[in-house]
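The values are calculated or read from the model by the stated rules, or taken from the named source; none is laboratory data. No experiment lies behind these values; they were computed from the predicted model shown. Cβ sites come from the backbone with ideal geometry, for glycine too, and all protein chains shown count toward neighbours.
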Amino acid sequence: MKQSRPNPGFGLGLRKEHYESVLRDRPAVDWFEVLTENYLVPGGKPLYYLERVRERYPLAMHGVSLSIGGCDPLDYRYLRELRQLAVRIEPLWISDHLCWTGVNGRNLHDLMPLPYTAEALAHVVERVAAVQDFLGRQILLENVSSYVTYRDSDMPEWDFLTAVAEQADCRILLDINNIYVNGFNHGFDPRRYIDAIPAGRVWQFHVAGHQDHGTHIIDTHDAPVIPAVWDLYAYAWAKLGPVAAMIERDDHIPPLAELMSELAFMRERVEMRVAAEGAGS
Amino acid sequence: MNLQALQNAFQDYVIALKPGIGMRIRSLPGATASQRLEIYAEAYRLRLAEVLRNHFPVLAAYLGEHAFDELAVRYIDANPSSQYSVRWFGGGLEQFLRAAPLGQDRPLLAELAGFEWRLNRAFDAADSAPIVRAALAALPASSWPALRFVFQPGLQRFKLNWNVVEIWKAIDAGQPAPAPETGPAKPWLVWRQDLNCRFRPLPELEASVLDAARSGMPFAYLCELVDRGAEQDDSAAQATAFLQRWIADKLVCQLGKL
């Protein structure tokens, strides 16, 4: 079930506000990432538009409900629906988050942080194996933003993420903004995080905007990407690229044209970096 | 603390503000452990309130931001989500309002919530291929009495005591809402036509004939019902008129026989 790392290029999150313009204008986006749960519905507009966009663009499925670190049993009803949707749209890949979302049958609908312990590591590794067996493919797990540091954690986040990927043999969706946010909130150098990640495991980058509250930063995906995150993205690309990259915007959704200019900026950052390296060699 | 205990404690904090998890969190420069935890408790309520606002936009506008937020937080605290998708989170709001003091003071609020929720359900109900009029016309006359009908999954039949649809239409169009009015309960229909949600009031006779058809009764029985309920002579013509309307509205997706 292994495949070599594809690089479809530069993508955007597909949002319902943009369905019509995506179909009408065929914007120069290489691929779209879709929020899986929005399409795990019986029918109607969401699936109608999904199929039409899929006829024109490659899609990646990005979920929020796997709860790979949760202590409840894996939700096979959810996994079956996930697998059916994957059959329907043949995604580039399926991703979710390295987190838990609820226990005892409850769902907090949030990406709750895990403690970085050997116990949590073993738990996640076992569940990733079960999920990958069920789906018949490797999944990507994304590093999440967090606002708390557990006393129980006994390794840095980057070691935990790397160990999960290596031991479970899964892929990494590296969210550059979340590294920046966590570096600020927990007091570490984001470049140190990126340096520790094994390049071959990273199949996708996310970049996004956030809200700076002075004492802490909240990962809101509701604003343009800030220069420091672009710098970190360029750094990550140099260390880990070439990797498929996309811009996440989940709130205060601007017109598609505005996101297209942000995407063009993202491409330029990479091209500048490649050109600079070429000039320097 | 093991992983299970840690997740239980953190969830108890987010849902019910029980402080146990605080002992497991480090205070770091910038913000204390409790300030950091509050980010999760606050985000939980804000996020689910936003979900409710998206699923009940007209109720939210009708109540106003402050009153809707208060309602949302009470609902969130009383109904922790047990579904993997937020799509289903608001499914209990109508019942919650019926039992809540706010809803008992203003019973139309629960009806408005119920109406909006039915639109949500029709929006992404399973797709079905509607029967076209030609398919009906092609049937031999002898097969009509035994004919049964299967209806689209998005169809919902319900009754309203209040003028909530008028209120919904006004607010949806950006107009001031009319004054609340109540009267005898009237039947309504919500369904999806192609990709769009539709609704209309149903005359009492059509409502009872539609109910019979949905429960699997054959066309001959529908004619009998019309005969009992209508003043006109030609019950078959009236029943056929109902059926033609249902087909024009794309409500019928399968024809069957006894």
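Data overview
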item: Count - residues of segment B:76-102 that are away from chain A (no Cβ under 13 Å) and under 17 Å from the mean Cα position of the chain (by Cα); result: 8
item: Residue in segment A:44-51 that is at positive phi and within 14 Å of chain B (Cβ to nearest Cβ) present; result: yes
item: Subset tally (residues that are charged (D, E, K, R), touching a residue at least 60 places away in the same chain (Cβ under 8 Å) and closer than 13 Å to A:M260 by Cβ) for segment A:16-29; result: 1
item: Where A:M155 falls short, out of the listed (1) outside any helix (DSSP H, G or I); (2) more than 16 Å from A:L111 (Cβ to Cβ); (3) within 14 Å of chain B (Cβ to nearest Cβ); result: (3)
item: Residue identified as within 14 Å of chain A (Cβ to nearest Cβ) and surrounded by 15 or more Cβ atoms within 10 Å (Cβ to Cβ) among B:R121, B:R106; result: B:R121
item: Members of segment A:105-115 that are at the interface with another protein chain (Cβ under 7 Å from one of its Cβ atoms) and within 23 Å of B:F89 (Cα to Cα); result: A:G105, A:R106, A:N107, A:L108, A:H109, A:D110, A:M112
item: The lone exception for B:Y84 - which of (1) of a type outside the set (D, E, K, R); (2) in contact (Cβ under 8 Å) with a residue 12 or more places away in the chain; (3) assigned to a loop (DSSP other than H, G, I, E, B) it fails; result: (2)
item: From A:A129, A:A86, A:A118, residue being within 12 Å of chain B (Cβ to nearest Cβ), surrounded by fewer than 20 Cβ atoms within 10 Å (Cβ to Cβ) and of a type in the set (A, V, I, L, M, F, W, C); result: A:A118
item: Scope segment B:149-194; condition basic (K, R) and out of contact with any Leu (no Cβ under 9 Å at 6 or more places or on another chain); matching residues; result: B:K159, B:K169
item: Test: A:Y147 is at pLDDT below 95 and farther than 17 Å from A:T36 by Cβ; result: yes
item: Residues of segment A:182-211 satisfying the condition of being in a helix (DSSP H, G or I) and over 20 Å from A:A238 (Cα atoms); result: A:N182, A:F184, A:N185, A:H186
item: Members of segment A:91-125 that are part of a helix (DSSP H, G or I) and touching a residue at least 12 places away in the same chain (Cβ under 8 Å); result: A:A118, A:A120, A:L121, A:H123, A:V124, A:V125
item: Matching helices (runs of 4 or more DSSP H) fully within segment B:181-258 where at least 3 residues are over 30 Å from B:W168 (Cα atoms); result: B:219-229, B:235-248
item: Residue in segment B:28-40 that is modelled with pLDDT of 95 or more and under 19 Å from B:R118 (Cβ atoms) present; result: no
item: Search result, residues across segment B:48-92 that are closer than 27 Å to B:A179 by Cα and either touching a His at 6+ places or on another chain (Cβ under 8 Å) or small (G, A, S) (or both); result: B:A49, B:A60, B:A61, B:G64, B:A67, B:A72, B:G90, B:G91, B:G92
item: Residue in segment A:228-243 that is surrounded by fewer than 16 Cβ atoms within 10 Å (Cβ to Cβ) and among the basic types (K, R) present; result: yes
item: Only listed residue being more than 9 Å from chain A (Cβ to nearest Cβ) and either touching a Leu at 6+ places or on another chain (Cβ under 6 Å) or under 18 Å from B:G92 (Cβ atoms) (or both), chosen from B:A49, B:A61; result: B:A49
item: Residue, surrounded by the most Cβ atoms within 10 Å (Cβ to Cβ), within segment A:1-39, restricted to residues that are more than 17 Å from A:I247 (Cα to Cα) and touching a Gly at 6+ places or on another chain (Cβ under 9 Å); result: A:E37
item: Top-ranked residue in segment B:16-39 [being part of a helix (DSSP H, G or I), more than 7 Å from chain A (Cβ to nearest Cβ) and within 34 Å of the chain's Cα centre (by Cα); ranked as nearest to A:V103 (Cα to Cα)]; result: B:A16
item: Complete set of residues in segment B:195-209 that are in contact with a Leu (Cβ under 7 Å, 6 or more places away or on another chain) and away from chain A (no Cβ under 14 Å); result: B:F199, B:R200, B:L202, B:S208, B:V209
item: Members of segment A:7-48 found to be outside any strand (DSSP E or B) and among the β-branched types (V, I, T), listed by number; result: A:V22, A:V29, A:T36, A:V41
item: Test set (1) within 11 Å of the chain's Cα centre (by Cα); (2) part of a helix (DSSP H, G or I); (3) of a type in the set (A, V, I, L, M, F, W, C) - A:A163 fails condition number; result: (1)
item: Among (1) surrounded by fewer than 19 Cβ atoms within 10 Å (Cβ to Cβ); (2) closer than 29 Å to A:T36 by Cβ; (3) not small (G, A, S), the one test that B:R26 misses; result: (2)
